[in-house]
1. Could you list, in sequence order, the residues of region 54-88 that are closer than 30 Å to Met1 by Cβ and at pLDDT 80 or above?
2. Using the structure shown, decide if Thr24 is modelled with pLDDT under 90, of a type in the set (Val, Ile, Thr) and surrounded by 10 or more Cβ atoms within 10 Å (Cβ to Cβ).
3. Mind listing whichever residues of region 6-29 are over 20 Å from the mean Cα position of the chain (by Cα) and closer than 17 Å to Leu40 by Cβ?
4. Name the single residue that is nearest to the chain's Cα centre (by Cα) among those in region 47-72 being outside any helix (DSSP H, G or I) and closer than 20 Å to Val14 by Cα.
Amino acid sequence: MKAIETREEFHHYVDVMEQLDRRTERGESLTPEEHALRKLLEHLIQEYDDKIELPYSPPYPTVLYLLERQGYARSTYCGFLDRVASLPKSSMVSGKSVKRMRANSRSSFICR
């Protein structure tokens, strides 16, 4: 096995590692060779991941993407952000109104 050089190789190795992980989650035991392969893949994937540079991604769309990818319904987190944004100022501790304004702007951006 060699170092990962392309995105295609990276995704292939991640898929193989996920297959091994799913097997162990189901309670299946891996052979010694499969354990060694998993460790090697983990190392190669981490090495590749450490050296690639990620492009800039604005935080709010990124959070939205991650929440949706984890299976959260848009109504779940939008409702939470709306409740935080609508808290009365009297319930805020001194200096927290800035956080409230930020939450309000995040809510309006993410929950459009």
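1. Pass one, region 54-88, residues closer than 30 Å to Met1 by Cβ: 54-55, 69.
Matches in region 54-88: Pro55, Arg69.
2. Working: modelled with pLDDT under 90: no; of a type in the set (Val, Ile, Thr): yes; surrounded by 10 or more Cβ atoms within 10 Å (Cβ to Cβ): yes.
For Thr24, the condition - modelled with pLDDT under 90, of a type in the set (Val, Ile, Thr) and surrounded by 10 or more Cβ atoms within 10 Å (Cβ to Cβ) - is not met.
3. Answer for region 6-29, where residues must be over 20 Å from the mean Cα position of the chain (by Cα) and closer than 17 Å to Leu40 by Cβ: Glu9, Leu20, Arg23, Thr24.
4. If we filter region 47-72 for residues that are outside any helix (DSSP H, G or I), which is where we start, we get 52-58, 70-72.
So of that shortlist, the ones also closer than 20 Å to Val14 by Cα come out as 52-54, 70.
Details: Ile52: 17, Glu53: 17, Leu54: 14, Gln70: 8 Å.
Here the answer is Gln70.
The values are calculated or read from the model by the stated rules, or taken from the named source; none is laboratory data. Being a predicted model, the structure only gives us computed values, none of them experimental. Please note: Cβ atoms are built from the backbone with ideal geometry, for glycine as well, and neighbour counts cover all protein chains shown.
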